Structures are given as C-alpha cells and as structure tokens.
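What follows is a single structure, written as structure tokens, with notes after it.
The values are calculated or read from the model by the stated rules, or taken from the named source; none is laboratory data. These figures come from a predicted structure and were not determined experimentally. Cβ placement follows ideal geometry from the backbone for every residue including glycine, while neighbour counts extend to all protein chains displayed. These area figures cover heavy atoms from the full protein model, side chains too; ligands, DNA and RNA do not enter into them. Shrake-Rupley method; radii C 1.70, N 1.55, O 1.52, S 1.80 Å.
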Amino acid sequence: MKPLSWRIFLPCFGLLLLTACHKGKPGGNGSKKTPPGVEVIIVHPRNIPLTKNLVGQLSPYRSADVRARVAGVLLKRAYTEGSQVKKGQLLFQIDPVPLKTALHAAQAALTQAQTAYTNARINAQRAQKLAPMGYISGSDLDNTLATERSAAAAVQIARAKVENARIQLGYARVASPIAGRAGEQEVTEGALVGYDNKATLLTTVEQIDPLYLDFSLNVSELERMKQAQRQGYLHLMGHGKARVDITLPDGTPYRRRGVLDFSAAKVNPATGTIGLRAKVPNPHHQLLPGMYVTIKAYLGIRRGVFIIPHTALLRDAQGAYVLAVDRQNRATRHKVASAIMHGSDWIIHSDLNDGAKIIVSGLQKARAGMHVIPISRQAPPRRASTSTPHGK
C-alpha cells in the first residue's frame, strides 16, 4: 500500500488550528463574561421641607354681633355699611328720651330715700339720748334703730336703680365693640328694637386684619408624619413655626405668608381629619372672609433624605428598594423606609451613605451581588431647598 500523501493531512491540520484560535479569543465559549455597564448618580443626604398642598377657607380674626341692649325706637344709623369702623365708634342711636325719664325718676327716688334716711337717723340719735333717762322704753328705742337701718338700705337700693337707669341710657348709644369692617344694617330706622327682653341684632363687625385660615389634615397622614418624627428623619414644626403660602382663586400667589397658630385636640369623626388654623396678615384687605384658597403648608423638615430619579426605585414582594454600587463595584440592595413623590423624582429615606452611587439605568442587567461597571451620570437638578421660600 502506498503511503498517504501529506496533502491529505494539510486541510485537517488547518481546521484544528482554526478551532484552537477561536477558543482562545475573548468572548469565546471558554472566556469569562464581562460585567454589565450601568449608569449611576452620586447622592448626598439633604434636609428639605415637608409640604402639603391643601385647600383652606378664610374666616374673620374677630366677629362681634352688635345688638340692641335696651328697648326703644331706632332713630338713626351713624356709619356707612361695609366701611371700616373703630372700637367705640357710634353705629346706631336708640331714642334716649324714655331712658332719660327713667333716670330722672330713679334720681328723684334716691333723693326721697336719702331724706327719709336723714329723718330716721336724727330720730335714732334722739332716742339713744333719752333711753338712759327712762323717757322712752327699750322697745321704742329698738324700733327707732330698726327704722334707721331700713332707711339706709332704701338709700342703697335707690342708688342702684339710678346706676342701672344710667347704664340703660348709655345703651341707647350703640357703639362698635371692636375695630373692623361693619356689615349690613339688619334693622331700619323707626323699628322697635330690644322689646320682650330680646337683644335685636343690628349689624356685625368683623376684624379682617389678620384673618384666620382654617384647613384640615387627614389623621392617618398625620400619624405617618408622627411616626417619621419618632424615627428621627422628620422634624415637625410647632405653632408659630409652620408656614402657609396662599394661592388666590385666580391662581395669583398671595404675597404674605400665614403662620400656624392652632391645631384641634380631637378628630372630626365625620371626615377623619384634624383641624388646623393659620393666622394670615391682610393689611390691604385683599383677602375676604369665606374665600376658599389653595395653600402650601410647610409642616416640617425631612432630615437626611435622598432625592433619586423615579427609575431608580424598585419594588418586589419584600418592599421598595434601590441598588447601589459599593467599592468593589458590586450591586447592593438597600431597603427604602419611605418614598414620597417629588415632581418626577422620589424622596427616600434609606440606610445609604453620603456619596452613595445609585443605579438609575441598566437595572434590568444588574442583580444584588453582581459585579457591574458604573458609568457616572449627572445628578438631577435640585428641586427642593433646605429652607422654605422667603415671604413678607
């Protein structure tokens, strides 16, 4: 048999060599996979305001009903309806003539009582001198002294009636109890007011600088805020510190800021809310009682929270979490304690470190514990400040 030609083995040798080179190239079946690339942002803890967008209603700071306190005929109205009045300013005049007559009669009765008392006192003094000499009996002396005491009491009663008649006459002049805006006249001139011991309503005066702003907060939301406060990453503002910004019904921002000054001690069972109240300056009377306005309430400060894009927050059966890249370029899972929408971003509280690298893109390729190649991306613009906006 003839030996095989070397030309037969040459193609086989080339095929083996090509196969060996293919196995030696990176990315071949025998090589190690390259870690996936992910986009990351560097986050830092921040203190940002806790704000709530709510609806509130304005009410007067003070409201006083002006009523007729004596019976009589209403003579005139001494103010312009809807105008600003001062405390003690005359608003209405009730016919004072009958009241003056009653005062004069009470004064005459007082004079009569004083005269009777003077005579009784003189008789008592005379009886006290004659009794030791036996000119009058003991019983006559007692009667004389009793008459003096009765006359003295009658004088006190007459003085009280004079004072009461003087007070009633003063009520004929109906003055404003507070400074504010006087409302519409409820009774016209010539009407009989205050009869049958009824205090007839004449008008109402309201103080509208400042104004009260009443609004409410859901009790479940308030409980979450208190729980966050107990956990240490929320500082709630107290009375005089929590601020309120107002937007008028036409969408115009109100230039002055309100201050929280009251919170109810119980929950409204019908609505499940707790009432809050702010005091708002209103020097130019731009706001009016009864108006509904949109408000932004600055109720506290979130401490040590992070702002991340909405794509960085993940959820599974164990809850919300984010993936961060550690120093060994491994993806690590961090549980998110709370997540609140902030525009298109999330405000989160987590056990992240200052300067942590959060994966924001390529999350479908990363898993906890996997090595990744972090690629820095510019952080989102700041949409929250460390302090509330300035207001006048």
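Scan the strands (runs of 3 or more DSSP E) fully inside region 307-368 and keep the ones with 1 or more residues being charged (D, E, K, R).
On the way: elements: 314-316, 319-325, 331-342, 345-350, 356-361.
Answer list for region 307-368: 314-316, 331-342, 345-350, 356-361.
Condition check ((1) among the basic types (K, R); (2) under 21 Å from P49 (Cα atoms); (3) in contact with a Lys or Arg (Cβ under 8 Å, 6 or more places away or on another chain); (4) surrounded by 13 or more Cβ atoms within 10 Å (Cβ to Cβ)) across all residues:
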| position | (1), (2), (3), (4) |
| --- | --- |
| L248 | no, no, no, yes |
| G251 | no, no, no, no |
| S263 | no, yes, yes, yes |
| A270 | no, no, no, no |
| T273 | no, no, no, yes |
| K279 | yes, yes, no, yes |
| L288 | no, no, no, yes |
| R315 | yes, no, no, no |
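Please determine whether any residue of region 261-282 is at pLDDT 90 or above, polar (S, T, N, Q), out of contact with any Ser or Thr (no Cβ under 8 Å at 6 or more places or on another chain) and under 30 Å from A182 (Cβ atoms).
yes
Just checking, which of A160, A153, A165 is of a type in the set (G, A, S) and either in contact (Cβ under 8 Å) with a residue 24 or more places away in the chain or touching a strand residue (DSSP E or B) at 6+ places or on another chain (Cβ under 9 Å) (or both)? Show your work before the answer.
Working: A160 fails: either in contact (Cβ under 8 Å) with a residue 24 or more places away in the chain or touching a strand residue (DSSP E or B) at 6+ places or on another chain (Cβ under 9 Å) (or both); A153 fails: either in contact (Cβ under 8 Å) with a residue 24 or more places away in the chain or touching a strand residue (DSSP E or B) at 6+ places or on another chain (Cβ under 9 Å) (or both).
Within the list A160, A153, A165, the selection yields A165.
With the requirement that a residue be over 22 Å from V155 (Cα atoms) and either open to solvent by 90 Å² or more (accessible area, probe 1.4 Å) or not in a helix (DSSP H, G or I) (or both), what does region 129-145 give you?
If the condition is that a residue be over 22 Å from V155 (Cα atoms) and either open to solvent by 90 Å² or more (accessible area, probe 1.4 Å) or not in a helix (DSSP H, G or I) (or both), then K129, P132, M133, G134, Y135, I136, S137 are the ones that fit.
Restricting to strands (runs of 3 or more DSSP E) lying wholly in region 171-288: which have 1 or more residues that are farther than 30 Å from P98 by Cβ and touching a residue at least 40 places away in the same chain (Cβ under 8 Å)?
180-182, 201-218, 234-236, 243-247, 258-263, 273-280
Exactly one condition in (1) within 42 Å of the chain's Cα centre (by Cα); (2) exposed (fewer than 15 other Cβ atoms within 10 Å of the Cβ); (3) modelled with pLDDT of 95 or more is false for T203; which is it?
Just one mismatch for T203, condition (2).
Of all residues in region 34-71, count the ones that are under 30 Å from S350 (Cβ atoms), out of contact with any Asp or Glu (no Cβ under 7 Å at 6 or more places or on another chain) and of a type outside the set (G, A, S).
Result for region 34-71: 18.
Mind checking which residues of region 43-69 are among the polar types (S, T, N, Q) and either open to solvent by less than 30 Å² (accessible area, probe 1.4 Å) or farther than 30 Å from A172 by Cα (or both)?
If the condition is that a residue be among the polar types (S, T, N, Q) and either open to solvent by less than 30 Å² (accessible area, probe 1.4 Å) or farther than 30 Å from A172 by Cα (or both), then N47, T51, N53, Q57, S59 are the ones that fit.
Just checking, how many residues over region 337-365 are touching a His at 6+ places or on another chain (Cβ under 7 Å) and either at pLDDT 85 or above or farther than 17 Å from N47 by Cβ (or both)?
The number of residues fulfilling the criteria is 7.
Which of (1) touching a helix residue (DSSP H, G or I) at 6+ places or on another chain (Cβ under 9 Å); (2) open to solvent by less than 40 Å² (accessible area, probe 1.4 Å) does Y321 not meet, given it meets every other one?
Here Y321 meets the rest and fails (1).
Might you check whether a residue that is free of Cβ contacts under 8 Å to residues at least 12 places away in the same chain, among the hydroxyl-bearing types (S, T, Y) and over 30 Å from S83 (Cβ atoms) occurs anywhere in region 130-138?
yes
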